[in-house]
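Each remark here refers to the structure printed beneath this line.
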């Protein structure tokens with residue numbers, strides 16, 4: 001892997017925006033606004049022969065007219081202009097480019113020819129390309145928002161890598177409300193050059209990143225991808241959501257990014273062996289992001305479930321099996337201690353059903369006892385709305401417990417409590 005070129009892609013000290021504009025609604029206008037508002041710490045050069053200046057900043061007809069070297073280009077020009085821009089970048093020492101422009105292999109034979117021309121020119125200069133047909137990239141540690149998203153990301157420790165730019169914008173919107181932050185949001189688009197494997201390798205070594213989340217429709221190089229996931233999962237949690245699980249969705253994925261889609265069962269088994277966690281939908285993806293953002297980590301897979309209703313406990317047990325977790329066996333000492341604080345009719349098993357009339361104190365005692373069992377690695381607390389349940393008080397007690405607990409406490413408040 002040409003790590004020096006990827007450093008200039010992911011950690012540029014200077015950038016050039018090809019297709020900069022001041023026309024409301026145009027991609028070049030939105031990307032320029034995001035670059036400026038995010039507070040990029042490096043030097044920025046604007047390129048568009050139609051302008052002498054934009055919003056008080058000088059704008060050049062050609063990159064050779066600008067001062068100083070450029071590490072990375074951001075390209076929002078029409079697809080037919082992109083190969084020429086790549087040549088211009090290569091001749092001026094640019095090491096990498098984010099090609100946001102669409103109209104390549106996803107557009108049919110003419111687009112395939114344009115893409116091949118672009119790649120041929122890039123390889124001549126050793127220039128690396130992210131995209132094309134992508135949202136772009138956000139790197140919060142250097143104040144870089146080279147996207148056309150409606151907002152920016154809060155700083156955090158999660159890296160999101162996605163073939164879908166729309167998923168990136170959706171998670172940005174959700175994260176703003178839920179106060180979740182990111183180290184990177186990287187939209188691969190078609191992935192014509194820089195691919196999933198290389199990006200995973202980079203964020204796995206990135207000191208600003210503690211966990212990695214991936215959205216995949218299909219892969220061009222499955223072996224390289226799985227090798228990168230396996231290496232990353234040794235040091236950081238890797239969470240994967242893959243669409244195209246069924247035939248109709250697979251056809252849609254091919255038309256969207258041109259990616260190859262294989263057997264879902266084979267993919268599922270492979271990522272499990274590689275040490276990654278697979279989630280199936282947006283709810284799970286967002287929930288996992290919230291857990292990772294909170295810094296929750298566990299040393300093992302043995303879970304205790306504390307619940308005030310039997311049905312949700314059974315559902316939790318099913319999900320544990322699906323996720324490769326195990327319901328912890330309650331020790332004799334834990335059973336004895338729970339007997340002392342719970343009604344005689346409690347489940348005497350895991351899930352720990354503390355019954356529908358459970359109040360805050362019963363929740364606190366049962367959770368505390370489970371946390372102190374050395375054979376339990378984490379506790380999931382489920383609350384369903386009951387007439388005698390003080391949901392807010394239970395939540396406050398769990399927050400207090402979390403301050404001193406050495407193990408993760410996960411909470412699931414069902415309904416709209």
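The values are calculated or read from the model by the stated rules, or taken from the named source; none is laboratory data. Everything quoted here is computed from the prediction, not taken from an experiment. For neighbour counting, all protein chains shown are included, and Cβ atoms are generated from backbone atoms with ideal geometry for every residue, glycine included.
Computed quantities for the displayed model
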| read-out | value |
| --- | --- |
| Any hit, region 355-367, residues being touching a residue at least 40 places away in the same chain (Cβ under 8 Å) and under 30 Å from residue 269 (Cβ atoms) | no |
| Yes/no for residue 50 being assigned to a loop (DSSP other than H, G, I, E, B), over 23 Å from the mean Cα position of the chain (by Cα) and touching a residue at least 40 places away in the same chain (Cβ under 8 Å) | no |
| Region 168-189, residues that are touching a helix residue (DSSP H, G or I) at 6+ places or on another chain (Cβ under 8 Å), closer than 20 Å to residue 209 by Cα and assigned to a helix (DSSP H, G or I) | 171, 174, 175, 178 |
| Residue match in region 205-221 (condition: more than 18 Å from residue 133 (Cβ to Cβ) and modelled with pLDDT under 95) | yes |
| Of all residues making up region 53-66, the number that are part of a loop (DSSP other than H, G, I, E, B) and in contact with a helix residue (DSSP H, G or I) (Cβ under 8 Å, 6 or more places away or on another chain) | 2 |
| Of all residues in region 1-27 being within 18 Å of residue 91 (Cα to Cα), at pLDDT 95 or above and part of a helix (DSSP H, G or I), the one that is farthest from the chain's Cα centre (by Cα) | 8 |
| Unique residue being out of contact with any strand residue (DSSP E or B) (no Cβ under 6 Å at 6 or more places or on another chain), surrounded by fewer than 17 Cβ atoms within 10 Å (Cβ to Cβ) and either assigned to a helix (DSSP H, G or I) or not assigned by TED's automatic domain parsing to the domain that holds residue 284 (or both) when the list is 348, 362, 402 | 348 |
| Verdict on residue 122 being assigned to a strand (DSSP E or B), over 15 Å from the mean Cα position of the chain (by Cα), within 24 Å of residue 16 (Cβ to Cβ) and in contact (Cβ under 8 Å) with a residue 60 or more places away in the chain | no |
